[in-house]
Amino acid sequence: MLEFLIVVALVGLLLTGVLVGTAVLLLRRLLRSRLVLTATDLVTDGVLAVSACRPRATPNRAAALRALRVSRAHRLLRERVALAQRAGAHLGDVPTVLPRLEAEGRRLRVALGRLVGSTAAARELLDRADRHLATLADLTEVVDAAAEAPAVDDLLARDAEEAALGLRLHTAAYTELMGREPQGAEPADRRPGRAAS
């Protein structure tokens with residue numbers, strides 16, 4: 001009987017461990033999911049927008065505006081990368097760099113959010129945010145150019161096909177025209193019988 005109770009206790013402990021481990025993994029995965037990250041970003045942006053748009057004077061309103069600009073630039077870059085990937089454009093290392101850029105953007109937004117409402121001047125943080133925004137703008141421009149490249153290649157391929165079709169039609173017309181005359185025959189005005197008369 002004692003052995004049975006020990007086995008039941010061990011099985012119960014094992015099942016509890018498996019359930020707790022599964023719950024922890026699911027919770028971790030849920031917290032890292034795109035939906036939770038997007039919802040967190042939206043809530044943060046909402047708080048910053050309210051702070052920036054208050055009618056009364058708010059110290060470091062520029063920090064809130066910069067944080068909103070960083071958030072908008074990241075959202076725009078994500079959309080452009082997704083569109084370019086759907087179009088089949090070659091993006092190089094951009095998709096692998098994007099998560100690191102987004103993590104840096106989140107850190108900047110948190111730091112800028114702490115600066116809103118305080119009287120501390122943090123010119124270095126604002127400059128860092130401006131550099132980050134410039135990087136995002138450059139990357140978005142490059143992704144846009146890469147997304148347009150396949151369309152240009154398709155246009156070039158269509159022009160080449162039209163040129164090839166035109167050449168085939170010209171060659172077929174020339175062959176048909178020349179095919180009516182026997183091969184190697186002289187034109188009618190140069191034949192010996194015609195010249196005498």
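The values are calculated or read from the model by the stated rules, or taken from the named source; none is laboratory data. Every value quoted in this text rests on a predicted model; they were computed, and no experiment measured them. Ideal geometry is used to build each Cβ from the backbone, glycine not excepted, and the neighbour counts take in all protein chains shown. These area figures cover heavy atoms from the full protein model, side chains too; ligands, DNA and RNA do not enter into them. Shrake-Rupley method; radii C 1.70, N 1.55, O 1.52, S 1.80 Å.
Within region 102-110, identify whether any single residue is open to solvent by 40 Å² or more (accessible area, probe 1.4 Å), in contact with a helix residue (DSSP H, G or I) (Cβ under 7 Å, 6 or more places away or on another chain) and touching a residue at least 40 places away in the same chain (Cβ under 8 Å), and answer yes or no. So far as region 102-110 goes, no, none of its residues is open to solvent by 40 Å² or more (accessible area, probe 1.4 Å), in contact with a helix residue (DSSP H, G or I) (Cβ under 7 Å, 6 or more places away or on another chain) and touching a residue at least 40 places away in the same chain (Cβ under 8 Å).
Taking residues in region 18-37 that are free of Cβ contacts under 8 Å to residues at least 24 places away in the same chain, and partners anywhere that are of a type in the set (A, V, I, L, M, F, W, C) and open to solvent by 90 Å² or more (accessible area, probe 1.4 Å), the pairs with Cβ atoms closer than 7 Å and at least 6 places apart or on different chains are 36/30. Restricting attention to region 95-127, the residues being in contact with a His (Cβ under 8 Å, 6 or more places away or on another chain), closer than 14 Å to residue 139 by Cα and hydrophobic (A, V, I, L, M, F, W, C) number 1. Looking only at residues in region 77-94 that are assigned to a helix (DSSP H, G or I) and either under 11 Å from residue 142 (Cα atoms) or among the β-branched types (Val, Ile, Thr) (or both), the one that is most open to solvent (accessible area, probe 1.4 Å) is 80. Candidates are the residues of region 115-149 that are among the basic types (Lys, Arg) and loosely packed, with under 15 Cβ neighbours inside 10 Å; the one that is modelled with the highest pLDDT is 131. One residue stands out in region 73-107 among those that are within 18 Å of residue 146 (Cβ to Cβ) and of a type in the set (Asp, Glu): the one that is modelled with the highest pLDDT, namely 79.
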